[in-house]
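**Student:** So that we are looking at the same thing, I have put the structure below in structure tokens.
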Amino acid sequence: MTNLRDLSYKELEEVIISYGEKKFRSSQIWDWLTKGVSSYDEMLNVPLSLKEKLKEEYFLCGLETVKKLESKIDGTKKYLFRLYDGNMVETVVMYYKHGITVCISSQVGCAMGCKFCASTIGGLVRSLTPGEILEQVIYAQKDIGERISNIVMMGIGEPLANLGNVKKFLEIVNFEKGLNIGYRHISLSTCGIVPGIYELAKLKLPITLSISLHATTNESRSSIMPVNNTYKIEELIEACRHYQKECSRRISFEYAIIKGVNDTLKDADNLLKILKGIMCHVNVIPVNNVEENSFEKPDPKKIKDFCSHLESHGITATVRRELGSDINASCGQLRKNNL
Ligand code: SAH
């Protein structure tokens, strides 16, 4: 059985036509799906006979909210959603001046093994389907009752390790008759799966690519990010240059700054060398607390010096505002089974 939300609009239309039904039924069904129905019964204007036919091939159950937390500091909301098979993922809604942003997961768990990240503890269970990625946006939007305008694929999982499904999700979420979220309002973050970057570049989508760089030498990066044993910094940067050539978009580099690991001016210097000639922005993220490890944030002065060094050499750097810190909704704190 397939999730009905795994279908693109065109595919849905083909199914409807193959049942001998009128085309306009697909548009009615699509509207219900976008609104966030969790069963066929809720589709009031769709004939029962058609719903019966669909039911035989496509299930529709949506996401169940197991837990919802709201930050008292900044209003950030974190959802623990249960999928049809009992697996769970987390999704976060953040309120920014430029609009409401949802941070979505692309997998249940993660195989990447970054030492500072909670999402990878316990490894990868499975990848999400396009419909399950989409449902996070739909159900978050339904819950808050306001339009979500931006998406960051920065939740649990490695999107480029699930690229087939992520590509289809991007197509569906962008579709004008559906959520209609512009590609320019979507960011995709990767720990650095180089072949995935080349594949994504082929689509030439104006989405923002974010690279979780976090270190400036291969030795140091490999020690905190196992993916660096497969794809070295040089290869990664080469792929970024290619991506930029193809998609003409500024690349965003994430730098989780960790006390005693990657927080020196020498690191800032290395970073300048690495990023030379790339149109980019550096997001410095003071490392967030994860119970299972002992990484600490550097002193604020050290972080400020790090950023000033980048800025004074022509690279814009901002310290990422920590949102949802009182509900463990910050970068690297999302996990499956968070009850
Ligand atoms: N797998 C993708 C998507 C996850 S995005 C990726 O690695 O990019 C989540 C971001 O938060 C990544 O940049 C990740 O490296 C970062 N992160 C993970 N743990 C963190 C922590 N404890 N503190 C700050 N940032 C962290």
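**Student:** Once you have a ≥ b ≥ c as the square roots of the Cα gyration tensor eigenvalues for region 46-138, tell me rounded if a/c is under 1.5, and otherwise prolate or oblate according to whether a/b is larger than b/c.
**Tutor:** oblate
**Student:** Sticking with this structure for a sec: For the chain, give me the percentage of DSSP beta bridges that are antiparallel, rounded to the nearest 5 percent.
**Tutor:** Of all bridge pairs located within the chain, approximately 45 percent are antiparallel.
**Student:** Give me the dipole magnitude in Debye, nearest 20, for the chain about the Cα centre, with unit charges on the beta carbon: positive for Lys and Arg, negative for Asp and Glu.
**Tutor:** Dipole about the Cα centre, nearest 20: 640 debye.
**Student:** Return the subset of Lys53/Lys142; Lys23/Lys53; Lys22/Lys142; Lys78/Lys167 for which the Cα-Cα distance in this structure is over 18 Å, preserving the input order.
**Tutor:** Too far apart for the 18 Å limit: Lys53/Lys142; Lys22/Lys142; Lys78/Lys167.
**Student:** What is the distance in Å between the Cα centroid of region 137-168 and that of region 21-70?
**Tutor:** 19 Å
**Student:** Kindly list the residues of region 91-127 that lie in the label zone of Asn293, defined by a backbone N under 17 Å from the point 7 Å along the Cα-to-C-beta vector.
**Tutor:** Of the residues in region 91-127, 109-124 have backbone N under 17 Å from the label point off Asn293.
**Student:** By its C-alpha gyration tensor, with a ≥ b ≥ c as the square roots of the eigenvalues, how is region 165-313 shaped: rounded for a/c under 1.5, else prolate for a/b larger than b/c, else oblate?
**Tutor:** Prolate, since a/c reaches 1.5 and a/b exceeds b/c.
**Student:** If you project the alpha carbons of the chain onto the principal axes, what extent comes out on each, in Å, largest first?
**Tutor:** Extents along the principal axes, in whole Å: 68, 41, 35.
**Student:** What length, rounded to one decimal in nm, is gained on full extension from Leu48 through to Tyr95, with 0.36 nm per residue of separation minus their alpha-carbon distance?
**Tutor:** My answer for the length gained is 12.9 nm.
**Student:** When you count, for each residue, the other Cβ atoms within 10 Å and take the mean per peptide, how do 319-332, 12-25, 282-295 rank with the highest first?
**Tutor:** 319-332, 282-295, 12-25
**Student:** Still on this model: Can you give the Rg to Rh ratio of region 92-184, both from alpha-carbon atoms, with Rh computed by the Kirkwood formula?
**Tutor:** Reported Rg/Rh, Kirkwood definition of Rh: 0.98.
**Student:** Sort by residue number and report every cysteine in the chain with no other cysteine beta carbon within a distance under 4.7 Å.
**Tutor:** That list is Cys61, Cys103, Cys110, Cys191, Cys240, Cys247, Cys280, Cys307, Cys331.
**Student:** If we sort 266-277, 113-124 on the protection proxy, mean other Cβ atoms within 10 Å, highest first, what's the order?
**Tutor:** Order by mean packing, descending: 113-124, 266-277.
**Student:** Could you give the length gained on full extension between Thr230 and Tyr198, defined as 0.36 nm per residue of separation minus the Cα-Cα distance, in nm?
**Tutor:** Stretched fully, the Thr230-Tyr198 segment lengthens by 10.0 nm.
**Student:** So how much slack lies between Arg321 and Arg126, counting 0.36 nm per residue of separation and subtracting their Cα-Cα distance, in nm?
**Tutor:** Length gained, Arg321 through Arg126: 67.1 nm.
**Student:** Which of rounded, prolate or oblate describes region 106-247 when judged by the alpha-carbon gyration tensor and an a/c cut-off of 1.5?
**Tutor:** In terms of gyration-tensor shape, oblate.
**Student:** Please name which of Thr216, Ile138, Val46 has its Cα lying farthest along the dipole of the chain towards the positive end, using unit charges on Cβ (Lys, Arg +1; Asp, Glu -1) and the Cα centre as origin.
**Tutor:** Toward the positive end, the furthest listed residue is Thr216.
Read the figures in this text as sums done on the coordinates, not as results from a lab. Given the structure is predicted, the values throughout are model-derived calculations rather than measurements. In this analysis, Cβ positions are derived from the backbone assuming ideal geometry, glycine residues included, and neighbour counts consider all displayed protein chains.
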